[in-house]
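Note sheet for the following structure.
The values are calculated or read from the model by the stated rules, or taken from the named source; none is laboratory data. Being a predicted model, the structure only gives us computed values, none of them experimental. Heads up, the Cβs are rebuilt from the backbone with ideal geometry, glycines too, and the neighbour counts pull from every protein chain shown. Only protein heavy atoms, including side chains, enter the accessible area calculation; ligands, DNA and RNA are left aside. Shrake-Rupley method; radii C 1.70, N 1.55, O 1.52, S 1.80 Å.
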There are 2 protein chains.
Amino acid sequence: MPKKVDPRQRRTLIADALMRVAAQQGLEAVSLRHVAAAAGVSAGMVQHYFRTKDEMMAFALSVVRDRSQARVTDAVAALGDRPAPRQLLRAMIAALLPLDEQSRDDGRVALAFLAYTAVRPEAAATLRKDNRQLVDFVAGLLPGPDADAAAAGLLALMEGLGVHLLGGNYTPQQALRALDHHLDLIFEATGGAGERPPVTPT
Amino acid sequence: MPKKVDPRQRRTLIADALMRVAAQQGLEAVSLRHVAAAAGVSAGMVQHYFRTKDEMMAFALSVVRDRSQARVTDAVAALGDRPAPRQLLRAMIAALLPLDEQSRDDGRVALAFLAYTAVRPEAAATLRKDNRQLVDFVAGLLPGPDADAAAAGLLALMEGLGVHLLGGNYTPQQALRALDHHLDLIFEATGGAGERPPVTPT
DNA sequence: TCGGATGCAGTGCAGTCGTATTGCAAAAGC
DNA sequence: GCTTTTGCAATACGACTGCACTGCATCCGA
């Protein structure tokens, strides 16, 4: 074994560069040479770690998934043990929304990948599975009958808020207000266990 | 004036071909030659009617906007005079959701353009204006205080349902159920004037 | 009848794309 | 010390891109 390098580290280095390019110029600007330049490495090296561009894209997509998953688990962990369902959901969703500049970049990439997978059904399967798990998890936290429909609606609301945030249609404050309003409806209408907390710091 | 041709007709012919290509292979597959082939015309002709590719893209985007606007006005007109707010909103939103195969294609193109404009802020301005008008209109139909937040939430829900429909995460039935569930919350919780109709045909 | 404008096809060009291939330096095993 | 394997750089190639340009047919106005 020659030269001791960590292949995974190299691959994530390249994937990070890819995401930087995609966030600023869109996925269609992602080429081997652009990514290599953004990563400060040679095009040959990119090719060395990803034999094909599709392989590189798939890896970058998995990085996006992992990153947002980590965001969620971090936010949940910060709430301590046995948080109220409403606070848990709010923290989860807020963690996934592109509210600050950093997560806006991630959101742009995610949106680009969304359009990307819409034309490549084979890459959409894992995303579907992720969403299925999310729906089930959220449904378990919601009160009342029709928890499935409510969970689907809540996650759709999150997705839509994200899109509108990226499009500049809503400010972070507006998005959070819409989210809290929706949580009000869900938890108050059905007499759920989670009242709205007196203060909702951002 | 030689040869009597309607330039607008030609341009929409080309734009339709563009949308066909974009719906099936994504926006990044849209090139002068591909669009020309899909339209059954020469590449030179495309170039004749759109001096630059950006011009063609901008026109296609405007066609997408016009088409969805027409979908809404059609759906509203079909409801007759003075429909109940809830029915009006449901019809509007259902008209904008990619529920059948035909509107799924349009939705795919719209999603692609969403990611497209996310990187080209100058093209996003008109979309922002459209959404602003929609929010105001919807807010006027909603009961209770916080109508603005409720309207933003409802439109975000619509957007998210559309994305999830395109991603294959939800079936049309699930999306409509989530929509009706949300409308239940909005109109029942605040004692609004619109009860849920006994039957909700699709 | 005859210019001239217009609609459109075709070609050429410089550039970028993904990928295959080659070359070479460095480190590990013999 | 020599071979082999690995990490990486560089180049070559064919396909494709957007765009400029040329050529030609058609039709209108004078």
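Do you know which of the residues in the range B:51-80 that are touching a residue at least 12 places away in the same chain (Cβ under 8 Å) and within 14 Å of chain A (Cβ to nearest Cβ) is farthest from DNA strand D (Cβ to nearest atom)?
B:ARG65
Applying the selection to the range B:143-161, what residues are crowded, with 23+ Cβ neighbours inside 10 Å and more than 8 Å from chain A (Cβ to nearest Cβ)?
If the condition is that a residue be crowded, with 23+ Cβ neighbours inside 10 Å and more than 8 Å from chain A (Cβ to nearest Cβ), then B:ALA151, B:LEU154 are the ones that fit.
Given the structure, is B:ALA112 open to solvent by less than 30 Å² (accessible area, probe 1.4 Å) and within 11 Å of chain A (Cβ to nearest Cβ)?
For B:ALA112, the condition - open to solvent by less than 30 Å² (accessible area, probe 1.4 Å) and within 11 Å of chain A (Cβ to nearest Cβ) - is met.
For the range B:122-140, how many residues are more than 7 Å from chain A (Cβ to nearest Cβ) and either more than 20 Å from A:GLY153 (Cα to Cα) or touching a Gly at 6+ places or on another chain (Cβ under 8 Å) (or both)?
11
Please pick out the residue among B:ALA139, B:ALA58, B:ALA110 that is at pLDDT 95 or above and not assigned by TED's automatic domain parsing to the domain that holds B:GLY167.
B:ALA58
In the range A:162-175, which residues are open to solvent by 20 Å² or more (accessible area, probe 1.4 Å) and in contact with a helix residue (DSSP H, G or I) (Cβ under 9 Å, 6 or more places away or on another chain)? Break it down stepwise before answering.
Looking only at the range A:162-175, we keep the residues that are open to solvent by 20 Å² or more (accessible area, probe 1.4 Å), and these are A:167-169, A:171-174.
Result: A:GLY167, A:GLY168, A:ASN169, A:THR171, A:PRO172, A:GLN174.
Scan the helices (runs of 4 or more DSSP H) fully inside the range B:20-118 and keep the ones with 3 or more residues being among the hydroxyl-bearing types (Ser, Thr, Tyr).
B:53-77, B:101-117
Looking at B:ALA78, B:ALA94, B:ALA38 in this structure, which one is over 26 Å from B:LEU157 (Cα atoms) and not basic (Lys, Arg)?
Exactly one residue qualifies, and that residue is B:ALA38.
Quick check on the range B:22-50: of everything there that is open to solvent by less than 10 Å² (accessible area, probe 1.4 Å) and free of Cβ contacts under 8 Å to residues at least 60 places away in the same chain, which residue is farthest from DNA strand C (Cβ to nearest atom)?
Taking the candidates together, the pick is B:VAL30.
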